[in-house]
Amino acid sequence: MQLMKRTTILFLLLSLVAKGSAQAQETADSIRRDSLVAVGLGHYARGAYQRCIDVLDPLAQTVLAAQETPLPSDAYHALYYSCQRLGRRPDMYYWGQKCLDRDADDAEIIADMARHYNEEEKPDLAFRLTAPYNMRHPEQLNVTRQLAHAYFQKMVFPLAAYLYRQLLDEGLRTFDVAYSLGLCYFQDEKFDSAYVFLRQAGEMNRFQNSNCLYRLGISAIKTGRADEGVEYINKVLAQLTPSPDLIRSLHEELAEGYAQLGRDSLELEELKLVMVHGGYADMQVLWRVAGCYERIGDEDNARHAYRQFVSTAAMLPPDKRDPMVDAWLREAEKKLK
């Protein structure tokens with residue numbers, strides 16, 4: 001009996017010693033881990049991104065493999081942004097996902113990853129990140145903005161416009177949001193609304209963005225604001241050395257603006273520039289050129305332009321000639337008699 005008591009006491013003492021040793025080891029491991037995290041975050045704070053990765057990556061991988069308690073979210077964020085700063089996109093996305101594994105509602109990482117996916121023209125991936133979160137937390141504006149951009153790239157313009165309007169209503173009045181909203185309406189040919197928001201966007205950056213000016217000019221002309229539209233498009237021509245296709249488009253819009261203003265000579269000059277930049281076989285352009293010459297009283301050039309229209313129309317295959325061209329052709333032939 002005495003032997004059994006002594007054995008039991010000895011076992012208890014050994015268990016206490018072992019438990020104490022395990023706790024001591026666990027405490028030491030925890031201190032070591034916290035120290036490494038602090039060192040890694042220190043490297044990140046001073047911009048030593050590779051050193052941050054060298055410290056935190058092996059530690060985080062060990063924790064993941066052992067299925068231990070995850071590192072603090074700051075550590076995963078530091079890995080994510082360090083990889084981003086070093087241009088290591090695959091590693092950045094890997095650690096971004098680990099951030100979300102730790103916290104599925106990490107709005108900062110969701111918004112930033114979605115921004116990169118949108119910039120890479122991968123709107124489906126951005127949508128998968130932002131849409132579920134937006135349903136849970138519609139008040140988070142940075143995520144909403146990336147969801148709107150994803151809808152825009154997917155050409156779902158009404159939903160994109162709805163979200164951009166929400167952002168403006170919530171006070172996120174930036175050039176990016178106003179311009180994107182204007183573009184949504186522009187793409188859907190809702191030029192009155194496009195004009196309103198493209199004008200807002202232009203005012204926000206003092207009309208320095210040529211793409212915004214170009215679309216604002218078109219929207220202005222389409223909605224009867226020809227003087228304003230002509231001014232915007234002329235600014236684009238002064239700011240850029242555009243591609244031939246864009247130059248032609250700009251001169252077409254200027255011609256339309258001058259037509260609305262009844263300034264036949266200026267419309268004619270713009271139409272000539274359209275022809276110089278590839279519109280010489282455009283039947284509508286040829287017809288308008290002839291009409292301009294006729295309205296300004298230049299009969300010789302008007303007859304020459306009508307003859308050019310007739311000869312060009314004659315070369316069109318019947319299946320390429322729409323009813324409007326046929327009507328113009330009959331009218332031109334009458335004028336040439």
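The values are calculated or read from the model by the stated rules, or taken from the named source; none is laboratory data. All of these numbers come straight from a predicted model, not from anything done at the bench. We place every Cβ from the backbone using ideal geometry, glycine too, and count neighbours over all the protein chains shown. These accessible areas exclude ligands, DNA and RNA; they are computed on the full protein's heavy atoms, side chains included. Shrake-Rupley method; radii C 1.70, N 1.55, O 1.52, S 1.80 Å.
Please enumerate the residues belonging to segment 103-124 that are open to solvent by 50 Å² or more (accessible area, probe 1.4 Å), more than 19 Å from Tyr81 (Cβ to Cβ) and assigned to a helix (DSSP H, G or I).
Matches in segment 103-124: Asp124 only.
If I filter segment 168-179 for residues that are part of a loop (DSSP other than H, G, I, E, B), closer than 26 Å to Val143 by Cα, open to solvent by less than 40 Å² (accessible area, probe 1.4 Å) and at pLDDT below 95, do I get at least one hit?
Yes, the conditions are met somewhere in segment 168-179.
Given the criterion within 19 Å of Ile53 (Cα to Cα) and either free of Cβ contacts under 8 Å to residues at least 12 places away in the same chain or not in a helix (DSSP H, G or I) (or both), identify the matching residue among Tyr94, Tyr76.
When all the criteria are applied, what remains is Tyr94.
So how many residues does segment 186-213 have that are modelled with pLDDT under 90 and assigned to a helix (DSSP H, G or I)?
Number satisfying all stated conditions: 2.
Of the conditions (1) part of a helix (DSSP H, G or I); (2) open to solvent by 60 Å² or more (accessible area, probe 1.4 Å), Glu139 fails just one. Which one is it?
(1)
Condition (residue is open to solvent by less than 50 Å² (accessible area, probe 1.4 Å), closer than 23 Å to Gln140 by Cβ, without any contact (Cβ under 8 Å) to a residue 24 or more places away in the chain and not in a loop (DSSP other than H, G, I, E, B)) applied to segment 53-61: is it met by at least one residue?
no
Just to be sure I understand, how many residues within segment 29-52 are within 22 Å of Gly87 (Cα to Cα), among the basic types (Lys, Arg) and in a helix (DSSP H, G or I)?
Going through segment 29-52 one residue at a time, the tally reaches 1.
If you go through segment 280-337 one residue at a time, how many are part of a loop (DSSP other than H, G, I, E, B) and over 26 Å from Asp245 (Cα atoms)?
Counting residues in segment 280-337 that are part of a loop (DSSP other than H, G, I, E, B) and over 26 Å from Asp245 (Cα atoms) gives 5.
Under 30 Å from Glu252 (Cβ atoms) and either open to solvent by less than 40 Å² (accessible area, probe 1.4 Å) or not in a helix (DSSP H, G or I) (or both): which single residue out of Ala238, Ala150, Ala131, Ala220 fits that description?
Selected residue: Ala220, the only one of Ala238, Ala150, Ala131, Ala220 that is under 30 Å from Glu252 (Cβ atoms) and either open to solvent by less than 40 Å² (accessible area, probe 1.4 Å) or not in a helix (DSSP H, G or I) (or both).
Consider Leu246 against the criteria (1) at pLDDT below 90; (2) hydrophobic (A, V, I, L, M, F, W, C); (3) more than 30 Å from Asp124 (Cβ to Cβ); (4) under 21 Å from the mean Cα position of the chain (by Cα): it satisfies all of them except one. Which criterion is unmet?
Every condition holds for Leu246 apart from (3).
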